[in-house]
């Protein structure tokens with residue numbers, strides 16, 4: 001991922017300094033999309049390890065997150 005981020009930054013600097021040609025614009029868009037997918041995946045994976053507990057000690061984890069956790073547990077078997 002570091003290589004991707006390095007190239008994204010390189011293209012960004014070039015864009016501000018002198019502009020990008022069409023091929024570089026396309027590459028920049030593709031790299032940014034890939035980078036965002038990786039970040040979203042990391043955040044999702046991190047959230048799967050989170051449980052929300054209220055002041056009474058009750059698990060109040062949102063239903064969508066709880067369902068995703070169950071799917072993950074089922075798929076790990």
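For the range 2-75, the spread of Cα positions along the three principal axes, ordered from largest to smallest, is 59, 29, 18 Å. Of 22, 34, 58, the residue with the greatest mean-square motion in the GNM of the chain, using alpha carbon springs below 10 Å, is 58.
The distance from the alpha carbon centre of the range 1-17 to that of the range 43-57 is 34 Å, rounded to a whole number. Cβ crowding within 10 Å ranks 12, 51 as 51, 12, fewest other Cβ atoms first.
For the chain, the relative contact order works out to 20 percent when only alpha carbon pairs closer than 8 Å and six or more residues apart are counted. Comparing 13, 32, 40 in a Gaussian network model of the chain, where Cα atoms under 10 Å apart are tied by springs, the biggest mean-square fluctuation is seen for 13.
Throughout, read-outs are computed from the coordinates displayed, never taken from laboratory work. Just so it is clear, the model here is predicted, and its values are computed rather than measured. All Cβ positions, even for glycine, are placed from backbone atoms using ideal geometry, and neighbour counts span all protein chains on display.
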